[in-house]
1. Just tell me which aspartates and glutamates come within less than 15 Å, Cα to Cα, of residue 289; anything on the same chain fewer than 8 places away is out.
2. Cα to Cα, under 30 Å, and not fewer than 8 places away if on the same chain: which lysines meet these conditions relative to residue 100?
3. Under 1.5 on a/c is rounded, so check that first for segment 120-159, then, if it is not, pick prolate when a/b is larger than b/c and oblate when it is not; a ≥ b ≥ c are the square roots of the alpha carbon gyration tensor eigenvalues.
4. Quick one: if you stick a label point 7 Å off each Cα along the C-beta vector at residue 51 and residue 344, how many nm between them?
5. In nm, to one decimal, how far is the modelled label at residue 223 from the one at residue 69, with both set 7 Å along Cα→Cβ?
6. Assuming a ≥ b ≥ c are the square roots of the Cα gyration tensor eigenvalues, decide whether segment 44-201 counts as rounded (a/c under 1.5), prolate (otherwise, with a/b larger than b/c) or oblate.
7. Would segment 211-368 count as rounded, prolate or oblate if I go by the C-alpha gyration tensor, calling it rounded below 1.5 in a/c and otherwise prolate when a/b exceeds b/c, oblate otherwise?
8. If you rank 216, 357, 338 by fewest surrounding Cβ atoms within 10 Å, what's the result?
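Just so you know, all these numbers are worked out from the coordinates, no wet-lab data involved. Because the structure is predicted, anything quoted here is derived from the model rather than measured. Neighbour counts are summed over all protein chains in view; Cβ atoms, including those assigned to glycine, are modelled from backbone coordinates with ideal geometry.
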Amino acid sequence: MQDKVFSIAPGFFFFSLLIVFGLFPPSTKSQTATVVDSANRERGINLYRKKNFVEAANVLKDVVKKSGADEEAWYYLGLALTQQPKELKNATKAFETAIKLRPSYAAAHTGLSYVLLRRNKFSDALHEAQTAIKLEPKLANAHHVVAVVRLNAGAFDDALASATEAIRLNPRLAAAYLVKSESLWGIYARPSESAQIPKRGRTKPTTETVTSPEEMEERRRKRKKDESILAESAQSLETYLKLNPSDPSAALWRQQLATLKVISNIGEAGAEVVKHGDEVTTKAIVLAKPEPAYTDEARGAHITGTVVLRAVFSANGTIRHILIVRGLPLGLTEQAVMAAQRIRFTPATVDGVPVSMFVQLEYNFHLY
């Protein structure tokens, strides 16, 4: 049985995106606590499992005051404090104390990696997760943390491998399916394969070239590969929603799922034909690009980073099929999507005829 802890975003997150994260309980009991402290510790753990996090933290604080060498109490105190956004630093200290008392405590290393991830300390989170994996290779949650960090760094293939391993170890770890889906999006929309958003009011005709039969066949193969990647991403996202239907961002994810299913079929008979930047005579010209709002929740949690979207700038002048490649938590992804929907532009053309075109959009969120 796994213990459930606070929902987190995949860093960039990739990142928004709230995901349910599970931590393994310790495999052994503390040998240092007194009988009385042990009873209170179990009471605190039971309160935690009943999701009474504030009371659980209060009980466990009393336990560690009386018996500071009880690493299990420190561990569960860390879990309880993780549920309270303003207590993340104290949660970090609780996990660190548990590890100091028992350096081989793999679950505590995983808990510490999780809370460091919440605090945007990606390098430290990766170190702790990798330490946990060395101690106990079958910790699915530690592999998930590695996947989130890799995703945040844009190492999509590595993120996919770690997420896949987490799913193999625990097929019901919902968060891993979300990271897997996002990793596949990233592989599909690598910067080198995507059209970046053109500068406002500027366009440059492409050089006219003759496409050989070999090049056309290579494009067809790539399109089929892209469709397969997106179909797998859609399947992972669908599984995530089945396992975690109460995600506060579920409506957004369902919209993404519908978009993935549509885009994965682009190019088939009857579907909208969407061009890439190197396939048009003139690229789309942005006339107005509104900036997204910073949510109070994200500002209060000091969330910063970049939301990356991939959208279709349609021939009819509308924004369609917005795909979240990288998100941020606490409403920032949603704000970026709403801002993207308000973009005004002149469509791309091929020989003077308006066409639809893929464009990658990036929205930076920084606190000053």
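1. Excluding near neighbours in sequence, the set is 362.
2. Leaving aside lysines fewer than 8 places away in the same chain, those within reach of residue 100 are 4, 29, 50, 51, 61, 65, 66, 86, 89, 121, 134, 138.
3. Values: a/c = 2.53, a/b = 1.47, b/c = 1.72.
Oblate, since a/c reaches 1.5 and b/c is not below a/b.
4. 4.6
5. The answer from the label model is 7.0 nm.
6. Working: a/c = 2.47, a/b = 2.01, b/c = 1.23.
Judged from the Cα gyration tensor, segment 44-201 comes out prolate (a/c at least 1.5, a/b above b/c).
7. On the way: a/c = 2.40, a/b = 1.39, b/c = 1.73.
Cα axes put segment 211-368 in the oblate bin.
8. On the way: 216 10, 357 26, 338 14.
In increasing order of surrounding Cβ atoms, one gets 216, 338, 357.
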